[in-house]
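For reference, the structure discussed in these notes is given below.
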Amino acid sequence: MKTISGRLRLLASTAALAVTLSNGAAMAESLVLYCSVGEEWCSAMANGFSRATGIDVAMTRKSSGETYAQLKAEASNPKGDVWWGGTGDPHLQAAEEGLTEEYTSPMLEKLQPWAVSQATSSGNRTVGIYAGALGFTYNTEVLEDKNLPVPSCWADLIKPEYKGEIQIANPNSSGTAYTALASLVQLLGEDAAFDYQKQLHNNINQYTKSGSAPAKAAARGETGIGINFMHDGVQQRVGGFPVKVIAPCEGTGYEIGSMSIVKGGPNPDAARKWYDWALTAEAQEIGASVKSFQVPSNVGAKVPPEAPSLDTVKLIDYDFKEYGSSATRQRLLSRWDDEIGSLN
Amino acid sequence: MRRSQWFWLAAGWIGFALLPWYDTPLSDDRTWSLPALFAGLFGSAPWLLPLLVPLLLPIVYLTKDVQSRASALVAAGIIGIAYMVLQGFAFGLNGWSWAFLQSVFGPTDRFQNGFGYGANVTLFSFLFMLTEGLAARGWMKGDRFVTGSIGLVIGTILFFVFLPVSTILTNAAIPDGEQSAVVSFFYRMTDADIWSLSCAFENRRCGVFWNSLRLGILTGAITTLLGLAFALIATRTNFPFKRGLRLLTVLPIITPPFVISLAIILLFGRNGTVTTFFADAFDIGRSRWIYGLPGILMTQALAFTPIAFLVLIGVVQGIAPSMEEASHTLRANRWQTFRYVTWPLLRPGLANAFLIGFIESLADFGNPLVLGGNYDVLSTKIFFAVVGSQNDPGRAGALAIVLLMLCVGAFYVQRRWLGKKSYQTLTGKGDSGRPSELPRGLKYVCYATAIPWAVFTLILYTMIMFGGFVKNWGRDNSFSLDHFAANFGLEWTEFGLLWSGRAWDSLFTTLEIAAISAPLTAGMGLLTAYLLVRQRFAGQASFEFITMLSFAIPGTVIGVSYILAFNTPPLEITGTGIILILCFIYRNMPVSIRAGVAAMSQIDKSLDECAMTLGATSAQTVRRVVLPLLRPAIVAALVYSFVRAITSVSAVIFLVSARYDLATSYIVGRVENGEYGLAIAYSATLIVIMAAAITLIQFAVGERKVSRRTSSDAVKQEVPA
């Protein structure tokens, strides 16, 4: 924690309006971390790394979309070293645009196959650090109140009795919802997937902006059912809300939370140290201690008991390369806009 | 030469020959860079030597007559600024910045860092040499203060508003795939998503333009009328709880983002308290009506009414009662007096309040985000075009242009409505009239709108405060101080006091940045207002529009554009506190300007002229005559810029760094994580701090002393808000 007097330096130096603050302190080794998971998890990771290596971590938390936009804006003079966390698609896009650095960690062999394939498909510019499957979060009180059955399959969600009870994010704004869109396309085929979504549209009460919003809305009873990543629903359950989380019976898609090294960042050595450390079992077990129940990518890391185990969930063989590419994404999103988003 | 001209010439030389020219980044071993003169002479930066030309020019012309010396200063200023800006942008961290320069001069491994102390001092010296020279040549009646102010305001606005904003807007013409820039631009600007009117004919959505327009007009009208009702009650009635009423109207303005929206959901959401009550008592079905236009309107009206109130109260107080008395003497009744005397004099206030409400509504991002439901507006669309899974900066640019066009439209409608009439009622003559009381009917209308609104606000804030002290708002309402302990914990250790709470860091940074930027914002804003109202110069209308530019654009766009513009030399300030301060100054300045313009157009120019005739300079006139009469506007400007620096969120999301993290970005992180308790506890603390700060500002600035009697029989003058 900084002292107040240390902050007076800013006051003094604003006199020259457009001059950068000079930082006279002797430089210990440091790392600038862009973090795209919850605040709690981010600071726990930053502290854990400082404790393990003595390297000072300056952490900024932003959503993955925001971080990606920031990396693009800063590309000519990067200010960050590592981008840790957040759904894999923007990491893959950053890799595609050459915003991130190639690095093959010695830790790769200790990772789950899905984490390694994330690395291979990006030319080792990013790697998987956790995974989470898509599912439904439903409010038990609301369903009971309205005498509605518990939905267990994608096919259930388009039944007329759920009219006005379902929430999902807008894929134009949310990576979660784009994962859902891509999963449905892979599960049903493109035309059938859009037919399905048109029917689903009749039951949707709102397309939210953020991907985890449906889980929160379900927790507070603002909607009966939310379509979101299962760990977001688990977090609400642990937080004391009357919700349960279920994986759809037909199979479902998943995200691979990823990590990348920023190309041309100020501290490349510290960045690689972080990269290797973040793939260790100890580092990956930090998540569960701060109520984040994603599935870790290190084979040796303990899977938290609350986490929706990926073994019992029927996962589709999600093609991250194809559906993470800009061309496919743009085509699917503009079709969604035309056929679903513009409906009243 | 005059002493002031010497001063700026000397400053230019000091910056050039003595101060370190460049700003050296942290990773660099050299702690200080050389002054430009030595860097130029000894070869590390020979491209700086041509600056000797403008620096020597005024000296060469020393012995000539006044006119040529003035012209030399003008030339030196123009050459100096042009050369510095050009070489700064042309040659950056990685050599040439533009491809054509590389093809002309060949590749290079030399580079230059951002401007440091020396470069900035010299740049400003050139600017003021230019304005000094112009004044000496007789521009603006030879008034150095006025030319200097115009130069400062225009120069910095061009650099900190126009430059970053234009980087974003030009994105709209990025070639899309195979298409040429022009075709891409055309397609983006005519997208059905923006303009479609299909909701009128079939079961499809309307374009986002129409949504934003409808929302902006409704919010502008509602906030103006509510603000007027409050302002009239506060000044023209003997309502017993005036002070309490004023406090309530100020509360929403000091509320951090998301908090009101969350409270509204907990009250009116499908599972909200009010909804549950009506469902149980009257068997009214639970619905999600709040998500969409009704919800956004409600929160925006709550949030922006105070601004309208602050603008209007100054105007209402400023109306000369003798005009109303004259009307009464001529046998007009109260209603006629109000309709034909008071109301027309209120027009500048109403127009400015509406314009602010309209533009605030268009640029508001937090409330539509939480409560918008499926009602899309431009600001959220732009945000997700930048950060959403589309990642389409071209679309963001096009949408931003549409948003700007809406604002230009509103701006011109406002000016048409105000016309060229005079609204001056504060004259040098003493005014011993008594403000007319409101017509009875109107008084009750004011009561009927303002009082329920005040009660509603009160309930909402009780709930918010309550939310900070319970375990889990809406679920587990047992008392707990956990949230405050987590945010603001203090521990006493062997090394002394440990600020162990997680929010201390961001709290201190926030207060510091807000305290620095508020007086600068208010100062720049009022100075600009003075130039707009009191001076006449070519290009004034476009100047006025540029000052409004940064306000009309959603914060996110400003944030991204600031990174794009200021991450590389010549001005490399990302990751510092200074970029936050600059962003706040230029983003919040428009409200100071509006408040200043509204207040200043009431003050009779003969007061200025009187002071000038008695031998005061224009700077003295501003300080001794205009400023004391502007006190309500100063309070409004200071309060608003301080508060906005604390509560604004979308602009700073991209600008905060680990070292300069702000309260709002902490709160947003908590809200995203569903930890409403922590967010609310922090917000409640901020509300208390801001309330204290506002009281302090009012106390420090003092009230405007105009001889007016109040309408009630109470003899004492009302304390202005």
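Laboratory data are not the source of any read-out in this text; all were calculated from the coordinates shown. None of these values were measured; they are calculated from a predicted model. Note: ideal-geometry Cβ built from the backbone for every residue, glycine included; neighbour counts use all protein chains shown.
PRE reach from A:Ser50 (point 7 Å along Cα→Cβ): which of segment B:568-597 fall under 11 Å by backbone N? No residue passes the distance filter. What does the charge add up to near B:Ser198, with Lys and Arg as +1, Asp and Glu as -1, over the other residues with Cβ less than 9 Å from its Cβ? Charge balance near B:Ser198 sits at +1. Tell me, what is the FRET efficiency for B:Gln535 and B:Gln67 to the nearest 0.05, using R0 = 30 angstrom and their Cβ-Cβ distance as r? Plugging the Cβ-Cβ distance into 1/(1 + (r/R0)^6) gives 0.80.
Other residues whose C-beta falls under 13 angstrom from the C-beta of B:Pro256 contribute a net charge of +2, scoring Lys and Arg +1 and Asp and Glu -1. Rounded to two decimals, what is Rg over Rh for segment A:19-125 when you use alpha-carbon atoms and the Kirkwood radius? Looking at segment A:19-125, the ratio lands at 0.98. Stretching the chain fully between B:Val445 and B:Thr617 yields a gain of 57.2 nm (0.36 nm per residue, less the alpha carbon separation). For the residue pairs A:Lys72/A:Lys321; A:Lys62/A:Lys209; A:Lys209/B:Lys381, the alpha carbons lie more than 18 Å apart in A:Lys72/A:Lys321. Whole-Hz Karplus values for segment B:212-223 come out as 5, 4, 4, 4, x, 5, 4, 5, x, 5, 5, 5 Hz, taken residue by residue from phi with 6.51 cos²θ - 1.76 cosθ + 1.60 and θ = phi - 60°; glycine and proline positions read x.
Grouping the Cα pair distances of segment B:43-105 into 10 Å bins from zero gives a pair-distance distribution of 20, 39, 24, 14, 3 percent in increasing distance order. Computed from the C-beta positions of B:Leu101 and A:Glu282, the FRET efficiency with R₀ = 51 Å rounds to 0.50. Overall shape of segment B:514-556 was characterised from the C-alpha gyration tensor. The equivalent ellipsoid obtained from it has semi-axes of 21, 16, 5 Å, in decreasing order.
Per-residue Cβ counts within 10 Å, from other chains only, averaged over B:372-383: what number is that?
3
Pairs of alpha carbons in chain A separated by more than 36 Å make up 24% of all such pairs.
Using only the alpha-carbon atoms of chain B as identical scatterers, what base-10 log of I(q)/I(0) does the Debye formula give at q = 0.06, 0.11 Å⁻¹? For the requested q values the scattering log ratios are -0.40, -1.29. Restricting the calculation to alpha carbons of segment B:483-701 gives Rg and Dmax of 20.3, 68 angstrom.
Bridgeable aspartates and glutamates around A:Lys291 (alpha carbons under 15 Å apart, same-chain partners fewer than 8 residues away excluded): A:Glu39, A:Glu40, A:Asp232, A:Glu306, B:Glu672, B:Glu675. Taking Cβ atoms as reference points and 10 Å as the exclusive limit, the residues near A:Pro304 contribute a net charge of 0, counting Lys and Arg as +1 and Asp and Glu as -1. Take the Kirkwood radius over Cα pairs of segment A:150-284, plug it into Stokes-Einstein at 4 °C and 1.567 mPa s, and you get 78 µm²/s for translational diffusion.
Using bins of 5 Å that start at zero, the share of Cα-Cα pairs per bin across segment B:452-546 amounts to 3, 10, 10, 10, 10, 11, 12, 9, 8, 7, 6, 3, 1, 0, in whole %. Annotation: aspartates and glutamates with alpha-carbon distance below 16 angstrom to B:Lys242 (same-chain offsets under eight excluded): B:Glu437, B:Asp713, B:Glu718. Overall, the ratio between the Cα radius of gyration of segment B:146-296 and 2.2 N^0.38 Å, rounded to two decimals, is 1.59. Sorted into 10 angstrom bins from 0, the C-alpha pair distances of segment B:552-661 split as 13, 33, 23, 20, 10, 0 percent. Loop exposure criterion: chymotrypsin sites (Phe, Trp or Tyr not before Pro), DSSP state outside H, G, I, E and B, at most 11 other Cβ atoms within 10 Å. Applied to chain B, the longest stretch between such sites is B:202-494. The mean number of partner chain beta-carbon atoms within 10 angstrom of a residue's beta-carbon across peptide B:113-119 is 3. For q = 0.10 Å⁻¹, what log10 I(q)/I(0) does the protein assembly as shown give under the Debye formula with an equal point scatterer on each alpha carbon and no solvent? With one equal scatterer per Cα and no solvent, log10 I(q)/I(0) is -1.33.
Among B:Ile296, B:Ile79, B:Ile233, the ranking by other beta carbons within 10 Å of each residue's beta carbon, starting with the fewest, stands as B:Ile79, B:Ile233, B:Ile296. In chain B, Cα pairs under 8 Å separated by at least six residues give a relative contact order of 16 percent.
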